[in-house]
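Q: One structure, pasted below without further comment.
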Amino acid sequence: MAQLLPRRAGRRTNVGLLALLLVAGGTGVLAFAVGSPGPARLVVAAHGAAGLGLLLLVPWKAVVVRRARRRPGGSGGVSLGVATLVTLLTGVLHAVGVTGPWSWSAGVPVLHLHVAAGVGTGALVVVHAWGRRQRPRATDLDRRGLLRAGGLAAGAVALWGAGEGLLRLTGAPGAGRRVTGSFERGTDDPAAMPVTQWISDPVPDSPAPVLELVSGGRRVRVPMGGLDRGDTVRAVLDCTGGWYAAQDWRGVRLDRLLASVDLELPAGGSVDVVSVTGFRRRLPLSEAGGLLLATHAAGRPLSAGHGAPVRLVVPGRRGFWWVKWVARVEVVDAPWWLQPPFPLQ
Ligand code: HEM
Ligand SMILES: Nc1nc2c(c(=O)[nH]1)N[C@H]1C(S)=C(S)[C@@H](COP(=O)(O)O)O[C@H]1N2
Ligand SMILES: [Mo]
């Protein structure tokens, strides 16, 4: 019995840590996928709480670790612990914002370091937990078990709330970040807005000479010079690298452009927007009225880095939807979600 009790406590600690890590990983990826303020606030708050909540279990985990070190075998624990700490540290560094959205080294956003560390942690969790599978027990769902889980969740949320409060009290730069966690960079000043690529897409040497529009077997070529039709929208470009900027974008609404060349617009379906470099995103056609093919930002023509001669503006979606250097727009039958959730280049 004396042997059993600490063992059970250890199991619960491990299950708690695993649950928090799963929530942190899941909401981390979700935080990149959602762009609208309401859901983003929830997801990002849950992410911060789950991540910081890990710290609450450190005292218990220390006991588990001390006991495990007396037994031979077992591996991966040290690297997992280090990876988790690096992930937490970079996450908090980003949220505090003392380095701005960029880290102190080589202009790499500290958030990218965080995501890399988070993904590494995820891989190590799988390795570490595989050989130590903890079976669920009926008592996990009894009153006490639920109270414990609820207590952990409440503690995690309280810790996150305290952190946010502290940022505001101290006036740390992070107090002003957007609900997605992004910092303002270059609003109304496109020249001050970072030029960023999703992975490795190069700024093309020569822009596409015409914009190709394709629908229902028809293909129409529109000269790039004919795309500034005075449609405007103010929208926030919010990069998953941790910065955002609001601009007045100008160009032509996608639905108007397609209608102006008498292209078929089916009720359902999607639209593929493809850059001259092959970077592509598929959007529901029902959103076409909210999409802008922009030639200008803040009254000036787009720079090469920001997508000249024409880029897509997708209000409410994260930066990786805002295809730069658009060369082709194609109406397709396939649903918009039938594509990799994130771009591949
Ligand atoms: C085990 C994995 C992870 C852990 C433990 C973790 C933990 C954390 C923590 C503690 C913060 C700081 C929150 C705050 O202080 O308010 C944070 C921020 C953030 N993390 Fe993670 N994270 C993990 C994985 C990921 C992944 C995989 C992504 C994205 C793909 C991600 C995206 C973010 C973002 C966008 C923020 C900024 C949110 C904000 O500013 O409040 N995280 N993370
Ligand atoms: N063709 C192409 N378009 C792209 C990207 C890219 O890599 N290639 N990156 C996207 C990402 S991740 C962001 S945040 C925005 C950045 O726009 P900016 O460089 O004008 O600031 O462009 C998007 N459009
Ligand atoms: Mo981005």
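The values are calculated or read from the model by the stated rules, or taken from the named source; none is laboratory data. Since the model is a prediction, treat every value here as computed from it, not as a measurement. Note that we place each Cβ from the backbone using ideal geometry, even for glycine, and neighbour counts take in every protein chain shown. Quick note on the areas: whole protein, heavy atoms, side chains included, nothing else; ligands and nucleic acids left out. Shrake-Rupley method; radii C 1.70, N 1.55, O 1.52, S 1.80 Å.
Q: How do the peptides 126-138, 84-96 rank, highest first, by the average count of neighbouring beta carbon atoms within 10 Å per residue? The partial results should precede the final answer.
A: On the way: 126-138: 11.2, 84-96: 19.9.
In decreasing order of mean packing, 126-138, 84-96 become 84-96, 126-138.
Q: Also, quick follow-up: Report, in whole Å, the centroid distance computed from the Cα atoms of segment 16-49 and segment 319-339.
A: Using only Cα atoms, the two centres lie 26 Å from each other.
Q: Charges on Cβ only, +1 for Lys and Arg, -1 for Asp and Glu, centred on the Cα centroid of the chain; of PRO204, GLY242, SER215, which one is farthest towards the dipole's positive end?
A: Value: GLY242.
Q: Dipole size in debye (nearest 20) for segment 256-345 around its Cα centre, Lys and Arg Cβ +1, Asp and Glu Cβ -1? List each step's numbers first, then the result.
A: Details: 10 positive and 6 negative charges, 99 e Å.
With only Lys, Arg, Asp and Glu charged at Cβ, the dipole is about 480 debye.
Q: Heavy-atom accessible area per residue, segment 211-333, 1.4 Å probe: how many Å²? Let's see the in-between values first.
A: On the way: 4350 Å² over 123 residues.
That works out to 35 Å² for each residue.
Q: Give me the number: length gained by fully extending ARG234 to ARG70, i.e. 0.36 nm times residue separation minus the C-alpha to C-alpha distance, one decimal in nm.
A: Values: separation 164, 0.36 × 164 = 59.04 nm, distance 6.17 nm.
Stretched fully, the ARG234-ARG70 segment lengthens by 52.9 nm.
Q: Now for a different question. Just tell me, in residue order, which DSSP H segments of the chain are both 24 angstrom or longer along the helix axis (alpha-carbon based) and at least 0.0 in mean Kyte-Doolittle hydropathy.
A: Numbers: long enough: 4-33 (44 Å, 0.94); 77-96 (28 Å, 1.82); 110-130 (30 Å, 1.50); 143-170 (40 Å, 0.56).
Correct list, ordered by number: 4-33, 77-96, 110-130, 143-170.
Q: Carbon and sulfur together cover what percent of the accessible area of the chain at a 1.4 Å probe radius? List each step's numbers first, then the result.
A: Values: 11530 of 17830 Å².
C and S fraction of accessible area: 65 percent.
Q: Using each residue's phi in segment 329-344, evaluate 6.51 cos²θ - 1.76 cosθ + 1.60 at θ = phi - 60° and report the 3J(HN,Hα) Karplus result to the nearest Hz, with x for Gly and Pro.
A: Taking θ as phi minus 60°, the curve returns 10, 10, 7, 10, 7, 4, x, 5, 7, 7, 6, x, x, 10, x, 10 Hz for segment 329-344.
Q: Could I ask something else about it? In Å², and per residue, what accessible area does segment 151-195 have when probed at 1.4 Å with the other protein chains present? Can you show the working numbers first?
A: Numbers: 2250 Å² over 45 residues.
With the other protein chains kept in place, segment 151-195 gives 50 Å² per residue.
Q: Per-residue ellipticity at 222 nm for the chain, helices alone: DSSP H runs ≥ 4 residues times -39500 (n - 2.57), over residue total, nearest 500 deg cm²/dmol? Mind dumping the intermediate values first?
A: On the way: 7 runs with 135 residues, N = 345.
That comes out to -13500 deg cm²/dmol.
Q: Can you order the peptides 13-25, 190-202 by their average number of other Cβ atoms within 10 Å per residue, highest first?
A: Numbers: 13-25: 19.4, 190-202: 14.6.
Top of the packing list down: 13-25, 190-202.
Q: Check TRP243: other-chain or 5+ apart residues with amide H under 5 Å from its amide H, H built from backbone geometry?
A: The answer is PHE183.
Q: Continuing with the same structure: If R0 is 56 Å, what FRET efficiency do you get for ALA259 and GLN134 from their C-beta distance, rounded to 0.05? Spell out each step's value before the answer.
A: Working: r = 59 Å, r/R0 = 1.05.
Calculated transfer efficiency: 0.45.
Q: Would you kindly find the accessible area of LEU167, with a 1.4 Å probe and non-protein molecules such as ligands, DNA and RNA excluded, rounding to the nearest 10 Å²?
A: The accessible area comes out at roughly 20 Å².
Q: Right, another one. Work out how much length GLU212 to ARG168 would gain on full extension: take 0.36 nm times their residue separation and subtract the Cα-Cα distance, in nm to one decimal. Walk me through the numbers before you get to the answer.
A: On the way: separation 44, 0.36 × 44 = 15.84 nm, distance 4.90 nm.
Once the chain is fully extended between GLU212 and ARG168, it gains 10.9 nm.
Q: May I pose another question? All other residues with a Cβ under 11 Å from the Cβ of GLN339 taken together, and with Lys, Arg as +1 and Asp, Glu as -1, what is their net charge? Write down the numbers at each step before the final one.
A: Working: positive: ARG280, ARG281, ARG282; negative: ASP272.
Net of charged neighbours comes to +2.
Q: How long are the semi-axes of the ellipsoid equivalent to segment 190-332, from square roots of 5 times the Cα gyration tensor eigenvalues, in whole Å, largest first? Can you show the working numbers first?
A: On the way: eigenvalues 101, 48, 45 Å².
Semi-axes (√(5λ), whole Å): 22, 16, 15.
Q: Same structure, new question: About the Cα centre, and with charges only on the beta carbon of Lys, Arg (+1) and Asp, Glu (-1), how big is the dipole of segment 190-332? Nearest 20 debye, please. It would help to have the intermediate numbers written out before the result.
A: On the way: 17 positive and 13 negative charges, 14 e Å.
Computed about the Cα centre, the dipole is about 60 debye.
Q: So if I place +1 on the C-beta of Lys and Arg and -1 on the C-beta of Asp and Glu, and nothing else carries charge, what would the dipole magnitude of the chain be about its Cα centre? I want it in debye, nearest 20.
A: Details: 39 positive and 20 negative charges, 476 e Å.
Charge dipole, the chain, about its Cα centre: 2280 debye, nearest 20.
Q: Principal axis extents for the chain, Cα atoms only, whole Å, descending order, please.
A: Principal extents (Cα only, largest first): 80, 44, 35 Å.
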